[in-house]
Every structure is written in structure tokens, then in C-alpha cells.
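Trainee: If you scroll down you'll find the structure; I have some questions about it.
Each value in this text was obtained by applying a stated rule to the coordinates, not by laboratory testing. This one's a predicted model, so the numbers in the text were calculated from it and none came from an experiment. All Cβ positions, even for glycine, are placed from backbone atoms using ideal geometry, and neighbour counts span all protein chains on display.
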Amino acid sequence: MLQAVSDRRVEPIVTWELADELSRVLRRPKLERYRISQANIAAVLALVAPLLPTVELDVAPRDPDDAPVVAAAIDGGADAIVTGDADLLEDAALRAALGARGIRVLTPRDLLELLR
């Protein structure tokens, strides 16, 4: 997916909250097996830094921690939210509200299938 972003085949929409979360998540012990270096994390953050907007949320997700994801998708006019988060994937009301705005909620596998 990072290559697709670098190639501009996918345009990510990111918020400050998501960038902070991404930075924290990539440092989690359970991800050590992927050997994600500090340089890799810095590269990812540098890739998304120019995309960081300030957004307002008008749709309430089931999990309040997902609000930055939803806000970024709405404010950025996203075609999709790509996530493995069950709260976003299984929240039928949120998916319907996002769908009315033309925003799908996809798993990473769904996105990779669409890119093929």
C-alpha cells in the first residue's frame, strides 16, 4: 500500500490524530517481528505530513477513538476508509452514513483486490 501511495495510485487522507496513532502503533512490541525501523516510521510520517488537515466530525462512530478516521474521510472527500478495525467494519449505521457520502469501508485485502 505504501508503494501505491508513493506511486500516487492511492491518495491517503490523514489527520494529526491518525499520524500520532500511526507513530505509536508502529512502535508496538507485537509489530517488532516486521522490523519496522525508526527510519521507516519517519519515512511514513514524512509521506503523510503534507496531507494533515484540521477536520470537524459530523458522524458519530461506535468507538469514539475512530472519530479522527471518520472525520478525515469526510473532510477529505475519501472514496474509502481502509482498516482492519472491527468497530469501523461492523458499524452498520456508520457504514450507511458514510456510504451516503460515497465513502466505503474496506479491509486492506479489499483495497489490494481493487488495485489488482
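Trainee: Is any residue of region 1-32 close enough, with backbone N under 17 Å, to a label point placed 7 angstrom from the Cα of Ala67 along the Cα-Cβ axis, and if so, which?
Mentor: Output list for this probe position: 15-21.
Trainee: Once you keep just the Cα pairs under 8 angstrom separated by 6 or more residues, what percentage relative contact order results for region 12-116?
Mentor: Relative contact order of region 12-116: 25 percent.
Trainee: Note the angle between two axes, namely the Cα long axis of helix 67-76 and the longest principal axis of the Cα atoms of the chain, as a number of degrees from 0 to 90, rounded to the nearest 10.
Mentor: 80 degrees
Trainee: Translational diffusion coefficient of region 1-53 at 10 °C, 1.306 mPa s, Stokes-Einstein with Kirkwood Rh over Cα pairs, in µm²/s as a whole number.
Mentor: 136 µm²/s
Trainee: Next up: With no solvent and one equal point scatterer placed on each C-alpha of region 70-113, evaluate the Debye formula and give log10 I(q)/I(0) for q = 0.13 Å⁻¹, two decimals.
Mentor: -0.23
Trainee: If I fit a long axis through the Cα atoms of helix 38-48 and take the longest principal axis of the Cα atoms of the chain, what angle between them do I get, 0 to 90°, rounded to 10?
Mentor: Taking the Cα atoms of the chain, the angle to 38-48 is about 40 degrees.
Trainee: Restricting attention to the alpha-carbon atoms of region 2-115, what are Rg (one decimal) and Dmax (integer), both in Å?
Mentor: 14.2, 40
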